[in-house]
Amino acid sequence: FVKQATVSAPVNIACIKYWGKRNESLILPTNPSLSVTLSQDHLCSTTTSRTCAEYEENLLWLNGKEVKIDNDKRLNTCLQAMRKQRERYEAKYPNEPKISKWKVHICSENNFPTAAGLASSASGFAALAYSLAHLYDLPLSDPADISDLSLNARQGSGSACRSLFGGFVEWQMGRDDLLGSDSRAVQVADHTFWPEIHALICIVSDDKKGTSSTAGMQRTVETSALFQYRIQHVEEQLVDIKQAILKKDFDTFAKITMQDSNQFHAVALDTDPPIFYMNDVSRAIIGVVTEYNRVSIAAGGKRKAAYTFDAGPNAVIYAPGENMKEIIGMIIQYFPQPEPFKDPFLNEVIEGTLVPGFNSAVAKRHEVGAVKGLIHTCVGDGPRVLGDE
Ligand code: DP6
């Protein structure tokens, strides 16, 4: 008897960043955060979990590379938490097969190259938790069930808890410092609520070097005075951006998203020794988006795009879909590409739609390097069950 479950889970990119832990082993954050889940059609992790009585070891194959789960603290924590839940289920339904004690074999793959420099731990741990929940027949139909499951995904990687929902997702920091039972993800709005929001991922570097999120945030907590200011004020920003989402007020959404990204990178710089996640190309992209918004505001309009950067130089630009052609046009125009893009939509705009009034001198000063690739995507749904086979 072999039992198996295959699922996929999406990537999420935060508008209000999670940065800092108050409990390292439970992964409890120092501030609440909020993210947008991106479509799994472009970016996702697919995970198959399998269990049978004969397996001798808990093993994971991550993009083909074997990992012993028992030797990996985060993977093991996640697996043991899921097994405990299965034990409770077996106690409640004595006729169900007793599989909680069996070892598991898990296979996980990303549909985007790891070389793209995109964080894969969020989608990876979300897919892991979701596939085990499915393997163990745990309840998943209610949003409250998914929030409960997010407690387990969180212990794999903090940001993973937000990938268990589609749309716009909040990670509540919680107050329970002992068990972390209320540090969970909740959905603010699903992916059908504001589908006009698109995302353009600008791949600036596929370099994996640099300071990991885990190590970086730990150092920030220990050394940054600016960080103390941040954690006292993030919540206000979170309340405001949630309201902006529910009112579909892109201007406010964009303002807060960019402010929070900048503050996060300021806090990284205030860390001792300082951490630089953005590079010259990242800053040039900020310049282009800023000028694009300035032109719109000068003409009596509102912000038309928002940039945000995680713990690396790649930009994510959020914008209403109707502005994407212009935005892609600008990026293509001002940043050389090493090779032509494969996406037909991108080629369509390769000529570049000139934005009237755009001060190209601003962009010209930014001839600093290439944008290696663009991924044009949109708000997406939560994890999907792909099969029991
Ligand atoms: C900058 O979730 O990767 O992307 O909990 O240590 O695994 P760990 O960290 P991780 O940190 C993500 C940091 C961020 C901001 C965010 O996604 O909110």
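For region 52-85, the set of residues classified as surrounded by fewer than 14 Cβ atoms within 10 Å (Cβ to Cβ) and basic (Lys, Arg) consists of Lys65, Lys68, Lys73, Lys84, listed by residue number.
Beta carbons closer than 9 Å, at least 6 apart along the sequence or on distinct chains, pair a first residue in region 17-42 that is without any contact (Cβ under 8 Å) to a residue 60 or more places away in the chain with a second that is part of a loop (DSSP other than H, G, I, E, B) and among the polar types (S, T, N, Q) for Ser25/Gln155. Of the candidates Ser33, Ser39, Ser131, Ser121, the single residue that is among the polar types (S, T, N, Q) and modelled with pLDDT under 95 is Ser121.
Applying the criterion of at least 3 residues that are within 16 Å of the ligand (Cβ to nearest atom) and over 30 Å from Trp194 (Cβ atoms) to the strands (runs of 3 or more DSSP E) found wholly in region 1-71 leaves 21-23. Scanning region 253-273 for residues that are assigned to a loop (DSSP other than H, G, I, E, B) and within 16 Å of the ligand (Cβ to nearest atom) yields Asp270, Thr271. Set side by side, the residues Lys65, Lys98 differ, and just one is within 27 Å of Ser205 (Cβ to Cβ) and not hydrophobic (A, V, I, L, M, F, W, C), which is Lys65. Of everything in region 332-389, what is at pLDDT 75 or above, among the hydrophobic types (A, V, I, L, M, F, W, C) and over 14 Å from Glu291 (Cα atoms)? Give them in sequence order. Across region 332-389, the qualifying residues are Ile332, Phe335, Ala370, Val371, Leu374, Ile375, Cys378, Val379, Val385, Leu386. Of all the residues in region 140-180, those that are surrounded by 24 or more Cβ atoms within 10 Å (Cβ to Cβ) and charged (D, E, K, R) number 2. Note on region 291-341: residues that are touching a helix residue (DSSP H, G or I) at 6+ places or on another chain (Cβ under 8 Å), surrounded by fewer than 23 Cβ atoms within 10 Å (Cβ to Cβ) and of a type in the set (S, T, N, Q) amount to 2.
Per-residue answers, yes or no, for (1) touching a strand residue (DSSP E or B) at 6+ places or on another chain (Cβ under 9 Å); (2) in contact (Cβ under 8 Å) with a residue 12 or more places away in the chain; (3) among the charged types (D, E, K, R):
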position: Asp207; (1), (2), (3): no, yes, yes
position: Ser212; (1), (2), (3): no, yes, no
position: Met217; (1), (2), (3): yes, yes, no
position: Arg230; (1), (2), (3): no, yes, yes
position: Asp240; (1), (2), (3): no, yes, yes
position: Leu246; (1), (2), (3): yes, yes, no
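Being within 13 Å of the ligand (Cβ to nearest atom), assigned to a loop (DSSP other than H, G, I, E, B) and out of contact with any Asp or Glu (no Cβ under 7 Å at 6 or more places or on another chain), is that true of even one residue in region 114-136? Checked against the condition, which is being within 13 Å of the ligand (Cβ to nearest atom), assigned to a loop (DSSP other than H, G, I, E, B) and out of contact with any Asp or Glu (no Cβ under 7 Å at 6 or more places or on another chain), region 114-136 yields at least one hit. None of Leu34, Leu38, Leu135 is farther than 30 Å from Ala306 by Cβ and either surrounded by 17 or more Cβ atoms within 10 Å (Cβ to Cβ) or over 18 Å from the mean Cα position of the chain (by Cα) (or both) except Leu135. Under 6 Å between Cβ atoms, which residue pairs at least 6 apart in sequence (or on different chains) link something in region 126-143 that is of a type outside the set (Gly, Ala, Ser) with a partner that is assigned to a loop (DSSP other than H, G, I, E, B)? Filtered contacts from region 126-143: Tyr130/Pro383.
Let's see how each residue does on (1) more than 20 Å from the chain's Cα centre (by Cα); (2) in a helix (DSSP H, G or I):
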{"position": "Leu151", "(1), (2)": "no, yes"}
{"position": "Asp177", "(1), (2)": "yes, no"}
{"position": "Asp182", "(1), (2)": "yes, no"}
{"position": "Trp194", "(1), (2)": "no, no"}
{"position": "Lys248", "(1), (2)": "yes, no"}
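The requirement of being polar (S, T, N, Q), part of a helix (DSSP H, G or I), closer than 19 Å to Asn152 by Cα and out of contact with any Lys or Arg (no Cβ under 8 Å at 6 or more places or on another chain) is fulfilled somewhere in region 82-102, by at least one residue. Considering region 144-189, the residues that are within 15 Å of the ligand (Cβ to nearest atom) and either free of Cβ contacts under 8 Å to residues at least 24 places away in the same chain or basic (Lys, Arg) (or both) include one that is nearest to Gln40 (Cα to Cα), namely Arg162.
The values are calculated or read from the model by the stated rules, or taken from the named source; none is laboratory data. Quick caveat, the model's predicted, so the values are computed rather than measured. Reconstructed Cβ throughout: ideal geometry from the backbone, glycine too, with neighbour counts over all protein chains shown.
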